[in-house]
Structures are given as C-alpha cells and as structure tokens.
Amino acid sequence: MNEERRAEKKRPKGLVRALIKKEFLQIIRDPGTIMITFGLPLVLLFIFGYGVNLDNSRFHIGLVLEKSEPEAISLLTAFSNSRYFQVQVGHDRRVFNEELVAGRLRGLVVIPADLAQSLKRGHSANIQVITDGSEPNIANFVQGYAQGVINTWLIQREQEEGQSEKAVINVEARFRYNQELASRNFLLPGSLAIVMTLIGVILTALVIAREWERGTMEALMATPASIYQILLAKLIPYFILGHISMFMCWAAAVFWYEVPFRGSPVALLLISSVFLLGALGQGLLISSMTRDQFLAAQAALVVGFLPAFILSGFIFEIASMPTVVQGLTLIFPARYFVSSLQTIFLAGDIWPLFLRSMAAMAVIGLVIFLLTTSKTRKRLD
Amino acid sequence: MFHTLSRIGSLIIKEFLIITRDPRSRLMLVMPPLMQLIIFSTAATLEVKNISLMVINEDAGRHGTEIVQRVSGSKTFARIYFSGPGKDHQAALDQQKVMAVIHIPQQFSRDLEGGSGADIQFIFDGRKSNSSQIANAYLTEVVNQYALEISSPDSALKAEVDTRHWFNENLLYTWFTIPSLVAVLTVVMTINLSAMAVAREREMGTFEQLLVSPLRPVEILSGKVVPAMVIGVAEALFILTLGRLLFGVPFRGSPWLMLAAISLFSYSIVGFGLFISSLAKTQQQAIIGAFVFMVPAISLSGFATPVENMPQWLQSATWINPMKHALIIFKGLFLKAMPPAEVFRHARPLVIIGTVSLIFSGWLFTRRLE
C-alpha cells in the first residue's frame, strides 16, 4: 500500500524528467532551434553593436557664402572647425538644393552678403539655417548645433571687440552612468531583452505550434502526464536555453563591445528569470491559440518582437509617445526588462527599480499563464 | 507562349486561393498592419518631450528664477520637481523618476551681475543618451540666449538665426515614420509569405507534385513570385492610403513613380523570400530564415537610426539591403517630390537584388530536380 503510493508519487517526477529529456534531444537535433539560440543573438548584438547607432557622426551641410569677406570667412571657419559638421562651401544655393532633395546634405547655412554691414550697424544679421525636415531627429540636431556655432561666434566676436559686459554663464553638463555618451552602452543591454523575447516567445511559439500541426501534441496529451507536467517539461529546457543565450550575450557585450557592467550577476539572473518565465508563457499561449506555424510566427512577431523593439523604450523614448500608447507599453514586459537591463549594466544594483519591475513582470506573467492553462485545457475536450 | 501564360495564370490563382482560404490568414493580412500602423507610427519617435526634470535652485536672485521659468514654459519638459540641495536628485535619477537635473548654485545671480561668469550645472541620465543630448542642447540654448540678452539688451537682435525646415516645416515625426512604415510593414508581410511559399509545399509533399507536372521551373517560379508581389504592393498601397487619411502626411511626388517603386521593392523582397524558401527544408527553417533577413534589414535601413552613423564598411554593405533604398525613395516621393532620375538611381539596386536572388533560387530548384 505504502509502496504503491510512493510509486505513484514518484512516477510524475520521472515523467517530467523523461519529457524534459525528450525536449532536449529534439532541440539538439533541430538546426533551427540552435540557430535561434546561438546564431541570431550574435547577429543581433552585431547589429546593435555596430549598425544601430545614435551617436551622430558629422553632419554634411552646405554653406553658402553670398559674399567672400572677412566676417563671413570667420564664421565659415567657425563652422568647419566644429566637430559636428562636415562643410561644403558654395556660392550659389541652387546647387545645394538638389543635394538636399537627394539626401546627400542634411542642411544648408546661408551667410548673407550684408553680414558685416549689419553687424557693424547693430542691425540683425539674418543668417539662414535650412534643414532636411524629412529626418526630424537629424534636423533638430543640425538646428541646435548650427545655432550653437553661431552664438559662440557672436560672443567671441563681441569679446574681441571689447563690447561685451562679459555676462557669461558657464554650462557644466554631466551625463551620469554613460560619460562617453556611447549609444552602444545602452542599446546593447536593451537588445538582451530582444534576444530573450526571441527565445521565449518566437522559438517557443514555433516549436509548439509545430507539435500541434503535426499532431504530436495530442500524442503527448494521451500519455499519463497531466497538462501541467507537459507544459512544465516544455518550459524548463527553453528556460535553460534562454539563460545560456543570455550568458553568451552578456559575455559578448562586456568583453567584446566593452559595455560596463556595474550591477551584480545575481540581480541579472533574477530579473531575466522573471522576464523569461513571462515570455515563455506568451509563446505557449500563442502556440495553443494558433496551432499553425505561419500564424504563430506572425503573431509572435506582432505581440512579441515588434513591441520589444518599439514599445520598450529601447530606442524610442516612452515619455515622448502619446498617452494612449504610453499606457499600452505598460502591458508589455519588455518595457520593465529594458529599463532594468540598462540600469544593471550602467548604474548598478538599484533595488527599488528592480523590485518594481519584477513585480510588474510577475503580474503580467501570471495573467498569461492563467490564460494559457485555460486555453490549452479547453482545446483538449 | 500562350500556354506558358495560361499555366502561370492557373498557378497564380492556386496561390491566391491558398493564401486567402483560411479566414485567420485573411485576418492576418489586414489586422496586424493596421494596428501596427496606428500604434507604431506614433510610438517610433526620437522626439523629446514630456521629460521629467528636477530643479535645485539655491540662487536667491532673479536670474535663477528667470531661467527656471523659461525652461518650465516649454513642451520639452512636462513634470518639474523642485528640490533642495542634497542627495535627493541622485535617487531620483537612479530610479528614473527624472531624466535631467538643473542645479543653480547660491551665488548665481551675484556672479552673473558681477561679471565674473556664473556657473550652472546640468546632470542627465546617460542611460538615455540621445534624449539627454537633445535636452542638453535645448537647456544650453535657453541659458545662452539669456546670457546674450542680459549682456547687452540689443544683442538679441544680432543673434537672429532664421531656421527653416524644408519638406516638413514643423518637424512632425509622423511625416518621417509613415513613409518608413510603408516599407517596414510591407517587408514583415511579404517576406514571410514568400519564404513560406515553397517551404510549406515541400513539407506537405505537394511540391514534388508540382515538379512532376508538365510545368517548367520558370513557370513554377513565376507562379510564386507574382502573387506574393501583388500582395506586397496591395499591402503597401493600403498602408500608404491609411497613413495619408489618418495622419495627413502629404504626398508630393508622382503617384506613378511611387507605384513603380513599390512594385520594384516588392520584387526585391519576394526575391529574397524565395531564395530563403528554396534553401529551407521545413517551414520552421523558412520562418527563421525570413527572420534572420528581416531583423537586420529593418534595423540597418535608416528607420531606427540614420545610416550615416554607421561605420563606413557597414554603410557600404547596406547596399544589398532593399529597405535602405526603399526608405530613401519613399521618403523622397512623399515629402520631397523626388525627380525621376533620383528615383531610378535608388531603384536600380532593387532590380539587381531581386533578379540575382531569383536566379539563385531558380538554380536551387532545378538542382533539386535532378
């Protein structure tokens, strides 16, 4: 009697272990899975390490000199000495207009013929700055930097002529956590969220959708294993895979791309575990709802990858989005994960922020799991 | 000739039936692009506004207050917290409650009036370096302008810079995202469709049936290319129309050039897709292949960040990215009324990319035939 009960208790554990072993064998034999776990993350790190870059290089601008006189030449020198601009000089703006349409120039600065005269008489000298508005971010920077060059030039000029009363304000700007202002330093930690989404949502959704499509899921259901055991056995291998991939990316980010890592490994492990669980749940849910590889891939892209890319604050600032969209970002775990990752790499262990993020991700994950179990069970009938 | 056409015709009809037979697939063609257009067009912005700011003003004089007022009047900063000197600002920055801190020291007004030069300190959250830099440029501008104004009251006149933003006077970010999304969403849809085109039939075993039919490889290939292209073009036109209706983005170029550009773009994507499809043995591999193409194609296209910020070697490598050329043409035609010569210059790579990848996939099919 006792032995029987013990055997019964033991059996489920053995079952889960056997199922996990089966999943692992499947993973190892599937080149697609290996590709997603090890190949794609490195491709992504490469893209975000070299290609996606918010550190503006020198903007190509055209500078129109309507008249070559000392004042104008002095301003021209100020522009070509600026580290923000790569200047092409011309005397006719029409040539530059075409270049602006073609996108080869990002802006134009027109120094008027009457610059020296106006300045001498104390009139306003109308310096024109024209930007390529089809790239609003660049246009903003071109405008700001051009204004800066002109202001500095004016102040210097006044000081040289001794007119100024020297009301100077010295601005000291510091950028905490990222002194060198390398966008790579925050893009790479953020991209780990995308890698985890890939493995958690897309890979899981695809693999399990294939089981539904081929009917092997029904075969699994026919075994004595309960639905929870089957789901658990599916999740554990991908959970481990996700962490292996995470470790690989972390090592590449820190040792190859030299992103600082100021937090602790324990915090990283903890936060990524909470995120990964939710992501795996999302993948499971998608596969049980679609049961078709093509649809699962599309759905995983729409609710997994694209939100992690666009709605997570990874590149695009959440505060700048419309209020409704800001509200929407709250239901995607990637948002919390990205800010935690950026903090853990660049700022260190800031537990109040981590705890808040983990709590939010845990709540979302729980809702997803409840949905998944109800969906999967219903479909079995 | 006629036989070829009619055979291709039946193949095309068959493909369309497969794609539109399943109601969920039909839904997938319309709903996701629509939702993405609405959400992402407003979310994918590098604009900086509604920033939370902390002000530590220790200055008793009027200049400190004046600067704070000028800053708080702007759209860039939404929430402004006032705090005393101390460690408060560090925790607020750490926990991302604020993105920037302005510190005005005690003797600010005195120093400014005394003519010895006054100091002001800005601290930013470097975890968001792009937004921080824009905020910094903005704050510095406010402070410099103020310094110029008080140093000699009439010098504000001299500093007059007349800025004009061509093609997009008010720098509306949606004018940038909508033309880009026409390309992004078309890729998301078309690459998956075409990558699955052969892989699905191969996994189901129906591709062998096609191969043993009297159809020639070229005909099979055309039967796959045309439907995917048509859906790609329809998708792009759908997004273009919606973008114009919902967001009022102007379209200043020639519609016919746009149609031609969209078709060629679609052609190059379908070429890539079929190439992936002819390499893949299973549907799963095809999907992963499509993904491996799509992620770099979108991220390195100039949509997220400008191409000119990349290292030179990578900029040259983006030549094979159809998205990059499409973005230049689409934005050019939407906003700049780009002339035909310029459009053709950027369309030529699309034709080459599409044709080369189709030749390769055709070669892979026939090799499998033998």
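Please treat every number below as a calculation from the coordinates, not as lab data. On a predicted model such as this, the values are computed, not experimentally measured, just so you know. No Cβ is skipped: glycine too gets one built from the backbone with ideal geometry, and neighbour counts run over all protein chains shown.
In nanometres, what is the gap between the two model label sites at A:Leu42 and A:Thr323, each 7 Å from Cα along Cα-to-Cβ?
Distance between label points: 4.9 nm.
Given Cβ point charges of +1 (Lys, Arg) and -1 (Asp, Glu) and nothing else, what value in debye, to the nearest 20, does the dipole of chain B about its Cα centre take? Intermediate values should be presented prior to the final figure.
Numbers: 31 positive and 26 negative charges, 338 e Å.
Rounded to the nearest 20 debye, it is 1620 debye.
Roughly how many nanometres apart are two label points built 7 Å out from the Cα toward the Cβ at B:Val142 and A:Arg58?
3.2
For the protein assembly as shown, what does the alpha-carbon gyration tensor say about shape, rounded, prolate or oblate, given a ≥ b ≥ c as the root eigenvalues, a/c under 1.5 as rounded, and a/b over b/c as prolate? Don't jump to the answer; show the numbers that get you there.
Values: a/c = 2.82, a/b = 1.46, b/c = 1.93.
Because a/c hits 1.5 or more and a/b fails to exceed b/c, the protein assembly as shown counts as oblate.
Which Cα, out of B:Ser151, B:His103, B:Ser132, lies furthest along the positive dipole direction of the range B:51-158 (beta carbon charges, K/R +1, D/E -1)?
Of the listed residues, the answer is B:Ser132.
Looking at chain A as a GNM with Cα springs under 10 Å, which of A:Ala279, A:Ala116, A:Ala308 has the largest mean-square fluctuation?
In this elastic network of chain A, the residue with the biggest mean-square fluctuation among A:Ala279, A:Ala116, A:Ala308 is A:Ala116.
Using amide H atoms built 1.01 Å from N in the peptide plane, name the residues 5+ places from A:Gln128, or on other chains, whose amide H lies under 5 Å from its own.
A:Val110, B:Asp162
Suppose we keep just the alpha-carbon trace of the range B:51-158; what are its Rg and Dmax in angstrom?
Radius of gyration, then largest Cα-Cα span, for the range B:51-158: 14.1, 44 Å.
Could you state the number of Å between the C-alpha centres of the range B:66-109 and the range A:247-275?
So the two Cα centres are separated by 31 Å.
With both partners inside the protein assembly as shown, how many of the DSSP beta bridges are antiparallel, as a percent to the nearest 5? Don't skip to the answer; put the middle values down first.
Numbers: 8 of 43 bridges.
Around 20 percent antiparallel, to the nearest 5.
Please compute the net charge surrounding A:Ser183, taking Lys and Arg as +1 and Asp and Glu as -1 over other residues with Cβ under 15 Å from its Cβ.
My count for the surroundings of A:Ser183 gives -3.
Once both axes come from the Cα atoms, what is the angle between helix A:136-160 and the longest principal axis of chain A, in degrees from 0 to 90, rounded to 10?
The answer is roughly 40 degrees.
Quick one: what are the phi-derived ³J(HN,Hα) couplings along the range A:74-85, Karplus 6.51/-1.76/1.60 with θ = phi - 60°, whole Hz, x for glycine and proline?
Going residue by residue, I get 5, 5, 4, 4, 4, 5, 6, 7, 5, 7, 9, 10 Hz, with x marking Gly and Pro.
Kindly write out, for the range B:87-92 in residue order, the coupling ³J(HN,Hα) from the Karplus curve 6.51 cos²θ - 1.76 cosθ + 1.60 (θ = phi - 60°), rounded to whole Hz, with x marking Gly and Pro.
Result, rounded to whole Hz: 9, 3, 5, 5, 5, 5.
A 19 angstrom limit on the alpha carbon distance is what I want to check against. Which of B:Lys49/B:Lys97; A:Lys22/A:Lys234; B:Lys49/B:Lys87; B:Lys49/B:Lys336; B:Lys14/B:Lys224 exceed it?
Details: B:Lys49/B:Lys97 15 Å; A:Lys22/A:Lys234 9 Å; B:Lys49/B:Lys87 26 Å; B:Lys49/B:Lys336 26 Å; B:Lys14/B:Lys224 10 Å.
Over 19 Å apart, Cα to Cα: B:Lys49/B:Lys87; B:Lys49/B:Lys336.
Of the residues A:Asn56, A:Asn81, A:Asn185, which exhibits the maximal mean-square fluctuation in a Gaussian network model of chain A defined by a 10 Å Cα contact cut-off?
A:Asn81
Under the classification rounded if a/c is under 1.5, otherwise prolate if a/b is larger than b/c and oblate if not, where does chain B fall, given a ≥ b ≥ c as square roots of the Cα gyration tensor eigenvalues? Display every interim value, and only then the final one.
Working: a/c = 3.29, a/b = 2.61, b/c = 1.26.
Judged from the Cα gyration tensor, chain B comes out prolate (a/c at least 1.5, a/b above b/c).
How much net charge surrounds A:Gly281 when only other residues with a Cβ under 13 Å from its Cβ are counted (Lys, Arg +1; Asp, Glu -1)? Each step should come with its number before you reach the end.
On the way: positive: A:Lys234, A:Lys375; negative: none.
That works out to +2.
Toward the positive end of the charge dipole of chain A, about the Cα centre and with charges on Cβ (Lys, Arg +1; Asp, Glu -1), which of A:Phe46, A:Ser134, A:Val64 goes farthest?
Checking the options against the dipole of chain A, the answer is A:Phe46.
Under unit Cβ charges (Lys, Arg +1; Asp, Glu -1), what dipole magnitude, rounded to 20 debye, does chain A have relative to its Cα centre?
For chain A, the charge dipole is close to 1980 debye.
Residues with beta-carbon under 13 Å from that of B:Glu203, excluding B:Glu203: net charge, scoring Lys, Arg +1 and Asp, Glu -1? Numbers along the way, then the final one.
Details: positive: A:Arg210, A:Arg214, B:Arg200, B:Arg202, B:Lys281; negative: A:Glu213, A:Asp292, B:Glu201, B:Glu208.
Neighbour charge sum, excluding B:Glu203 itself: +1.
If you take the square roots of the eigenvalues of the alpha-carbon gyration tensor of the range A:283-381 and sort them as a ≥ b ≥ c, do you get rounded (a/c under 1.5), prolate (a/b over b/c) or oblate?
Numbers: a/c = 2.41, a/b = 1.71, b/c = 1.42.
Prolate shape, in that a/c is at least 1.5 and a/b is the bigger ratio.
Comparing A:Phe369, A:Phe38, A:Phe316, which has the greatest mean-square fluctuation in the GNM of chain A with Cα pairs linked when under 10 Å apart?
Checking each option, the largest mean-square fluctuation is seen for A:Phe316.
Taking neighbour Cβ counts within 10 Å as the exposure measure, how do A:Ser118, A:Ser191 sort from fewest upward? Working shown, then result.
Values: A:Ser118 19, A:Ser191 27.
So the residues, fewest neighbours to most, are A:Ser118, A:Ser191.
Using the 10 angstrom Cβ neighbour count as an exposure proxy, how do A:Lys375, B:Lys281 rank, fewest first? Please list the in-between numbers first.
On the way: A:Lys375 15, B:Lys281 12.
Neighbour counts put them in this order, fewest first: B:Lys281, A:Lys375.
How far is helix B:340-369 tilted off the main Cα axis of chain B, in degrees rounded to 10, range 0 to 90?
The angle comes out at about 40 degrees.
If you average the C-alpha positions of the range A:281-360 and of the range A:203-219 separately, how far apart do those two centres end up, in angstrom?
Each part reduced to its Cα centre gives a spacing of 25 Å.
Taking neighbour counts of Cβ atoms within 10 Å as a proxy for exposure, in what order, fewest first, do B:Glu141, B:Glu15, A:Glu161 appear?
A:Glu161, B:Glu141, B:Glu15
Using a 10 Å cut-off on Cβ to Cβ distances, tally the other chain neighbours for every residue of B:170-177 and report the average as a whole number.
Values: counts 2, 9, 2, 4, 1, 3, 7, 2.
Averaged over the peptide's residues, the number is 4.
Which Cα, out of B:Ala347, B:Asn57, B:Leu333, lies furthest along the positive dipole direction of the protein assembly as shown (beta carbon charges, K/R +1, D/E -1)?
Of the listed residues, the answer is B:Ala347.
Which whole-angstrom value gives the distance between the alpha carbon centres of the range B:198-225 and the range B:1-53?
23
How much mean residue ellipticity at 222 nm does chain A get from its helices, if each DSSP H run of length 4 or more adds -39500 (n - 2.57) and you divide by all residues, to the nearest 500 deg cm²/dmol? If you can, show how the numbers build up before the last one.
Values: 17 runs with 238 residues, N = 381.
Only helices count here, giving -20000 deg cm²/dmol.
Let me spell out the model: positive unit charges on the Cβ of Lys and Arg, negative unit charges on the Cβ of Asp and Glu, origin at the Cα centre of the protein assembly as shown. What dipole size does that give, in debye rounded to 20?
On the way: 66 positive and 55 negative charges, 658 e Å.
Magnitude of the dipole: close to 3160 debye.
Between B:Phe77 and residues 5 or more places away or on another chain, which pairs have amide H atoms under 5 Å apart, with H built 1.01 Å from N, and which residues are they?
B:Asn50, B:Ile51
Report the antiparallel proportion of the DSSP beta bridges in the range A:44-176 as a percent, rounded to a multiple of 5.
Numbers: 4 of 15 bridges.
Bridges in the range A:44-176 are about 25 percent antiparallel.
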